[in-house]
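Chemist: Questions regarding the structure given below will be posed in turn.
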Amino acid sequence: MKPSFSAILILFLACGCSVQHRALVRPASQDGLDLALKASQADYLRWRESKPNAASWTGSGIGIGVGGGCASDDADNCVSLDSIDVVGSRVADADLITNNQEAGVDEGSIVKKMGPLLLVLRQGVLHVIDTGTPGNERLGLLQSHPVVADDSKDDLYYDEILTFSGGAILLGFNYMESAAELFVFRLDAKGGLEPRGRWLLAVDDYFSGNNSGARIRGGELVLSLSFPAESLLQDNWPFAASVGADGEPIQATRVDLLAPEDLQVLDALGAAPQVHAFLRCDLDALLQQRLTCQPSAAVANADASTYIAADGIYLADYSWTAQAWRRRDFDPWRARWTQPEPGDYASRVLRLPHSRAEAPAVVATTGLPNGRFGFKETAEGLYLIGSERIAENAQRSLLQYIPFSRFRARTPSLAPAEIRASIEGEIAFLRFDDSAAWVGVQETLDEESEGDEDQPGTRQLHRLPLDGSPIQHLPLPAPVERIELLAEHVLLMGSVYRDGEQRDMRTVLVRRDTAAVGPLGHWPGMAPDLSSRSHSFNAPRLEDDTELAGLPVFAPEPPENSGLFREDLPEDLLVFRREGDALQLAARVDMQHTPSDCELDCDDWYGSARFFAFGERLFTLSGELLKELRFDRGVLNETGRVGLKPR
């Protein structure tokens, strides 16, 4: 017999749990967490007992692999987290060179600017390049700082850089220790970098194919962590410790990163609940070799989406309903990998609290979440797009709105988010701007023209105004695969395949104000790298309002006898200039150089090619070569280059 909510509530209170409302429980102890998870998974556990051949484990099978809590018997020797109160931004506008997706939030990347310095992370080496000062510009390698010892280069990978006034942070993962690492530097009086501490974080790998593990927001470093909830039941709680000169963690510096009372346990958890934790760490404390972080965390169902905005942190997931559990043929494991039946699931979004004193809030939504690009926080509230199945091979996508008052209400409402717009079709790509959601939907084969059967992408673009005014349906002249935002336009890009090989590039500009579709651009011999990682693209605007856009393009085919493929070679960079509602090719920047052994054999998980700018200075980075360019009377001219030698 399923226990009543009042019976569960009595058990929660007996174990020191705090119940905000039926959707959330905040445990106050290890036993409370155990009880909260069992109560939340009651339907799944009952289903598993009824299926002798069902999977018998609840997590992903990948624990944290480290102990939790304080190992000392003396409480005075245990280091706890300090609270922080941070206001103001620590990243100067002049230092923002990344194609960030959220205003006020700087994302980690492989190249960053810090005052007159450029920092480039390549295969365990942090290269520091001096760009000079206004009126005295230069481009010279200042130092190359090995951040990974030779005997660790196969086990420790640093992937992301973040810079702020006074310092820089590297984020990496140590596969030998099964832990993430933070490496902190301070800018010294000579313009060099002084190490200011290295921290080991006993957490799972943060890598994502289209997201960043670290961000800077205001005066905080925000770290995104995710791991199976099962590991906490084994008392494997994440912690951090400073790393000594010998590469080993110093136990006296150990800091617990999470406690039971930091968790919000959502109800109706299924087969493999995950912990999604966000650590907001004080930047000044890091420069003083202290890790001072404020955690926010939730236990949600697998496949949850997270969104870090300038003001809030959100988590969206879905849970199986009583209708699903009653079906004799229902299998939660199989259902995860298919589009669920209507009525079999309920979706929701959680706004995580900034501190333990703040009440969290959950609002019901419609449809499955669509990753980090499917959210937009404004001054009034949160917009999101969910997708739901409406027939055997048909879906619809719903633009929804939640005012901030819903998240701040003392008495939670069961009413779902307001639906502002709906379109039929499976989402191919989407982006929000300040006034609309731009959504491309997949085409079915019978909708494509005869010559496009083997061409990927879609020719269906829709503009969904945030205010709920009529949707604009925009037919495109050719299939496209990727979307990016320019200052006044939406840029759509696609590939042209011939004989199964990617050969050419297509571009289309759409005005953001009028939704007017510009002419098709066709660029023969340009095979673009249209990966989902947004940092590979950038669109600076120069002081004279010239607007440029750049992205990587695969190298020309190598000689037949070379034994190489074009994917083995450094990528070139395409730079376009906007002319009205169309693009003109400014240059294909040749970035070819003799790759080192590591460049041929090492994996660049975050890519190795970037286009970026500050002021009137333009830069292209690919592999071990950095070039500076200037745009003069419609022509891109190279003005300098730096080789980034491997160790």
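Chemist: Can you give me the distance in nm between label points at I390 and S165, each placed 7 Å from the Cα along the Cα-to-Cβ direction?
Modeler: 5.1 nm
Chemist: For region 478-553, what number results from the quotient of the Cα radius of gyration and 2.2 N^0.38 Å? Please list the in-between numbers first.
Modeler: Details: Rg = 12.9 Å, N = 76, 2.2 N^0.38 = 11.4 Å.
Scaled against compact globular proteins, the figure is 1.13.
Chemist: Further, regarding this structure: Please give the solvent-accessible surface of S178 in Å², to the nearest 10, using a probe radius of 1.4 Å with every protein chain present.
Modeler: Roughly 50 Å² of S178 is accessible to a 1.4 Å probe.
Chemist: To continue, here is another question. Using only protein heavy atoms and a 1.4 Å probe, report how much of R617 is accessible, in Å² to the nearest 10.
Modeler: Around 10 Å² of this residue is reachable by solvent.
Chemist: Still on this model: Within the chain, how many lysine pairs that are 8 or more places apart, or on different chains, have C-alpha atoms less than 27 Å apart?
Modeler: Lysine pairs meeting the criterion: 18.
Chemist: Let me ask something else about it. Taking a 1.4 Å probe, which of D93, D235 shows the most accessible area, and what order do the others take after it? Please report the intermediate quantities before stating the final value.
Modeler: On the way: D93 130, D235 75 Å².
Heavy-atom accessible area, descending, gives D93, D235.
Chemist: Let me ask another. Determine the calculated [θ] at 222 nm for the chain from helices alone, applying -39500 (n - 2.57) to every DSSP H run no shorter than 4 residues and normalising by the residue count; nearest 500 deg cm²/dmol.
Modeler: -2000 deg cm²/dmol
Chemist: For D93 and K38, what is the calculated FRET efficiency with R₀ set at 41 Å and r taken between the beta-carbons, to the nearest 0.05?
Modeler: Plugging the Cβ-Cβ distance into 1/(1 + (r/R0)^6) gives 0.25.
Chemist: Please list, in chain and number order, the residues 5+ apart from L461 or on another chain whose amide H is under 5 Å from its amide H, with Hs placed from the backbone.
Modeler: So L461 has HN proximity to L474, L476.
Chemist: Could I ask something else about it? Roughly speaking, what is the centre-to-centre gap between region 615-647 and region 217-251 when only Cα atoms are used, to the nearest Å?
Modeler: Cα centres, region 615-647 to region 217-251: 38 Å.
Chemist: Contact order normalised by length for region 428-580, with contacts defined as Cα pairs under 8 Å and 6 or more residues apart; what percent is it?
Modeler: Averaging sequence separation for qualifying contacts and normalising by length gives 13 percent for region 428-580.
Chemist: Now a separate question. Figure the gain on full extension for D31 and D581 (residue separation times 0.36 nm, minus the Cα-Cα span) and round it to one decimal in nm. The partial results should precede the final answer.
Modeler: Details: separation 550, 0.36 × 550 = 198.00 nm, distance 6.17 nm.
Stretched out fully, the D31 to D581 stretch lengthens by 191.8 nm.
Chemist: Quick check: with the 1.4 Å probe, what order do K190, K645, K376, K112 take by accessible area, largest first? Let's see the in-between values first.
Modeler: Details: K190 190, K645 160, K376 35, K112 0 Å².
The ranking, largest first, comes out as K190, K645, K376, K112.
Chemist: Ok, one more. Mind checking the full-extension length gain between D467 and Q339? Use 0.36 nm per residue of separation minus the Cα-Cα distance, one decimal, nm.
Modeler: Answer, rounded to one decimal: 43.2 nm.
Chemist: I want to make sure I understand the PRE zone here: with the label point 7 angstrom from the Cα of E616 toward its beta carbon, which residues in region 102-146 have backbone N atoms less than 13 Å away?
Modeler: 134-137
Chemist: What residues from region 603-647 fall in the zone where the backbone N is under 15 Å from a label point 7 Å along the Cα-to-C-beta line of E137?
Modeler: Residues 612-620, 627-642 fall inside that zone.
Chemist: Quick check: residue separation of D499 and S435 times 0.36 nm, minus the Cα distance between them. What number comes out in nm?
Modeler: 19.0 nm
Chemist: Sequence-distant or interchain residues sharing an amide H contact under 5 Å with V203, placed H: which?
Modeler: A180
Chemist: How high is the relative contact order of the chain, in percent, with contacts defined as C-alpha pairs under 8 Å that are six or more residues apart?
Modeler: 9 percent
Chemist: Against the globular-protein guess of 2.2 N^0.38 Å, express the Cα radius of gyration of the chain as a ratio, rounded to two decimals.
Modeler: 0.99
Chemist: At a probe size of 1.4 Å, how large is the accessible area of W523, to the nearest 10 Å²?
Modeler: Accessible surface of W523 is approximately 40 Å².
Chemist: Taking every DSSP beta bridge that has both residues in the chain, what percent is antiparallel when rounded to the nearest 5?
Modeler: So the antiparallel bridges amount to about 100 percent of the total.
Chemist: Taking amide H positions as placed 1.01 Å from N in the peptide plane, with prolines and chain starts having none, which residues 5 or more places from L142, or on another chain, fall under 5 Å of its amide H?
Modeler: Here the answer is V128, I129, D130, since their amide H atoms fall under 5 Å of that of L142.
The values are calculated or read from the model by the stated rules, or taken from the named source; none is laboratory data. From a predicted model like this one, the values you see are computed outputs, not experimental measurements. Glycine gets a Cβ as well: all are built from the backbone with ideal geometry, and neighbour counts include every protein chain shown. Surface accessibility is based on the protein's heavy atoms, side chains included, excluding ligands, DNA and RNA. Shrake-Rupley method; radii C 1.70, N 1.55, O 1.52, S 1.80 Å.
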